Each structure stands twice: as C-alpha cells, then as structure tokens.
There are 2 protein chains.
Amino acid sequence: MDLCAICKEKRQKCVLTPYLPANKHEKYAYLVYVFGIENVVRILNEIDPSQRQACVDSLCFEAEARVRDPVYGTVGIINDNKRRIQYLQHSLQIAQRELAMIKHGRSRL
Amino acid sequence: MDLCAICKEKRQKCVLTPYLPANKHEKYAYLVYVFGIENVVRILNEIDPSQRQACVDSLCFEAEARVRDPVYGTVGIINDNKRRIQYLQHSLQIAQRELAMIKHGRSRL
C-alpha cells in the first residue's frame with residue numbers, strides 16, 4: 001500500500017495512508033492548504049475506522065470547494081442548492097394549485 | 001474593537017479580530033479544532049478585505065458542521081439537499097405531466 005505524500009517524505013506511516021494514495025497530489029495539496037494535515041489526521045483518529053474513507057472524501061470535497069471559492073467554500077454550494085430548492089418548491093406549489101383548481105372545477109360539473 | 005481569543009491571549013492584533021469578536025468562544029473553538037487558526041488567518045489574508053466577513057462566516061459554518069458531523073461535515077448537508085432537490089424535481093415532473101395531459105385532453109374536445 002502506498003504511503004501518503006507527507007508520510008512518504010517523513011518515511012513514516014499515518015492514519016491517512018489507506019484512504020488517500022500518495023499519487024493524489026492535488027487532493028493532498030488542498031487538504032494541507034485548507035485544514036493542515038495534522039488537523040485531518042486528528043479528525044480521522046477520533047472517528048471509527050469504518051467511516052474514515054467517507055470522512056477523507058468529504059474533507060477532500062470541502063478543501064477543493066474552498067480552493068475554488070475561497071470566500072464561501074461549500075457554503076456557496078449550499079446557498080445555490082437552497083435557491084434551487086426554493087425555486088422548485090415554488091414551481092411545485094403553482095403546478096399543484098393549478099391541478100387542484102382544475103379538479104375542483106371538474107367536481108362541480 | 002475586541003481582539004480575537006487567540007490574539008487576546010498573545011496580546012497581539014490579528015486579521016480575524018474585526019470579523020469574529022472575542023466573546024464568540026464556541027465559534028473560535030470550532031475554527032481552531034477544524035482548520036487551526038493559522039490556516040484561517042492565511043485564507044483571510046489572501047482575499048479582499050470586503051469579502052472577509054463572508055469568509056469568516058462560511059468557515060464558522062463549515063467548522064460547526066464538521067464538529068456536529070465529523071464524518072460528513074457540510075457534505076452531509078449538501079447530500080441532504082441533493083436528495084431534497086431530486087424529490088422536488090420528481091414531484092414537479094409528475095404534476096406538470098398531469099397538467100399537460102389534462103390540457104391536451106381539453107384541447108381535443
């Protein structure tokens with residue numbers, strides 16, 4: 001199994017190794033830049049090993065989002081999704097109201 | 001203006017001070033735990049001062065989400081929102097299909 005980039009350099013094993021292979025240089029760079037590798041390792045050490053892959057994946061996603069959008073990070077994605085949800089709720093409400101009116105009109109015939 | 005908790009301790013000024021008052025201990029604790037204050041300060045220093053308040057707010061939100069859900073953090077919220085969007089899109093599609101069928105039936109009368 002490959003060692004992570006940091007461990008390779010320090011010639012040691014770390015908790016991150018099984019979840020992010022050493023050739024994923026970009027993902028490492030994002031993790032190091034946003035969280036610092038020590039914080040990532042500490043967070044990983046505090047959760048169950050069965051959940052560490054999901055944790056590394058979500059940390060990588062957050063880190064990349066922060067690099068792409070330094071001001072909002074994943075919160076920018078959450079805000080976009082909220083607007084999308086509001087738009088869909090509004091459209092659904094309009095369609096359901098129109099359907100209800102048609103069905104109400106029919107039942108009066 | 002109050003100094004941030006870290007700067008208060010070190011008796012110095014930092015870039016974080018105007019955006020997160022010293023009495024927000026919980027938010028500081030989350031930022032320190034998830035990102036480390038040095039990473040927060042570095043990210044802040046690299047963006048325009050006019051956007052730093054939004055940046056601190058989004059970092060606080062991300063940090064709190066990671067403390068509440070150490071495995072998924074804000075990615076858990078994004079996944080929930082994606083499921084909600086899919087459900088709404090599906091419901092809207094059904095309602096619009098029903099409306100189209102009713103209107104098509106009417107136009108044939």
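The values are calculated or read from the model by the stated rules, or taken from the named source; none is laboratory data. The structure displayed is predicted, hence computed values, not measured ones. Cβ atoms come from the backbone with ideal geometry, glycine included; neighbour counts cover every protein chain shown. Surface areas here come from the heavy atoms of the whole protein model, side chains and all, with no ligands, DNA or RNA. Shrake-Rupley method; radii C 1.70, N 1.55, O 1.52, S 1.80 Å.
Taking the stretch A:91-103 as the search range and keeping residues that are facing another protein chain (nearest Cβ under 7 Å) and open to solvent by less than 90 Å² (accessible area, probe 1.4 Å), which one is farthest from B:Gln96 (Cα to Cα)?
Per the criteria, the residue is A:Ile102.
Mind listing just one residue for me: the one in the stretch B:13-33 that is assigned to a loop (DSSP other than H, G, I, E, B) and in contact with a helix residue (DSSP H, G or I) (Cβ under 9 Å, 6 or more places away or on another chain) and, of those, surrounded by the fewest Cβ atoms within 10 Å (Cβ to Cβ)?
So the residue we want is B:Asn23.
Please go through (1) open to solvent by 80 Å² or more (accessible area, probe 1.4 Å); (2) assigned to a helix (DSSP H, G or I) for B:Ile78 and return the number of the only condition it doesn't satisfy.
(1)
Give B:Arg106, B:Arg84 a once-over and let me know the one that is more than 7 Å from chain A (Cβ to nearest Cβ) and either open to solvent by 90 Å² or more (accessible area, probe 1.4 Å) or touching a strand residue (DSSP E or B) at 6+ places or on another chain (Cβ under 7 Å) (or both). Let's see the steps before the verdict.
On the way: B:Arg84 fails: more than 7 Å from chain A (Cβ to nearest Cβ).
Residue meeting the stated conditions: B:Arg106.
For B:Arg84, are the conditions met, namely being assigned to a helix (DSSP H, G or I) and under 20 Å from B:Val32 (Cβ atoms)?
On the way: assigned to a helix (DSSP H, G or I): yes; under 20 Å from B:Val32 (Cβ atoms): no.
Here the answer is no, as B:Arg84 does not meet what is asked.
Please work out if B:Pro70 is farther than 17 Å from A:Lys82 by Cα and out of contact with any helix residue (DSSP H, G or I) (no Cβ under 7 Å at 6 or more places or on another chain).
Working: farther than 17 Å from A:Lys82 by Cα: yes; out of contact with any helix residue (DSSP H, G or I) (no Cβ under 7 Å at 6 or more places or on another chain): no.
No: the conditions fail for B:Pro70.
What about A:Ser58, is it surrounded by 16 or more Cβ atoms within 10 Å (Cβ to Cβ), part of a helix (DSSP H, G or I) and out of contact with any strand residue (DSSP E or B) (no Cβ under 7 Å at 6 or more places or on another chain)? Steps first, please.
On the way: surrounded by 16 or more Cβ atoms within 10 Å (Cβ to Cβ): yes; part of a helix (DSSP H, G or I): yes; out of contact with any strand residue (DSSP E or B) (no Cβ under 7 Å at 6 or more places or on another chain): yes.
In short, yes.
Output the residue which, of all residues in the stretch A:34-43 that are within 10 Å of chain B (Cβ to nearest Cβ) and surrounded by fewer than 18 Cβ atoms within 10 Å (Cβ to Cβ), is modelled with the lowest pLDDT.
A:Glu38
Look at the stretch A:44-69 and say how many of its residues are more than 15 Å from the chain's Cα centre (by Cα), facing chain B (nearest Cβ under 7 Å) and not β-branched (Val, Ile, Thr).
Here the count works out to 1.
Search the stretch A:80-103 for residues that are free of Cβ contacts under 8 Å to residues at least 40 places away in the same chain and closer than 19 Å to B:Ser58 by Cβ and pair each with any residue that is part of a helix (DSSP H, G or I) and among the polar types (S, T, N, Q) when their beta-carbon atoms are under 9 Å apart and the residues are at least 6 apart or on different chains.
A:Asn81/B:Asn81; A:Lys82/B:Asn81; A:Arg84/B:Asn81; A:Ile85/B:Asn81
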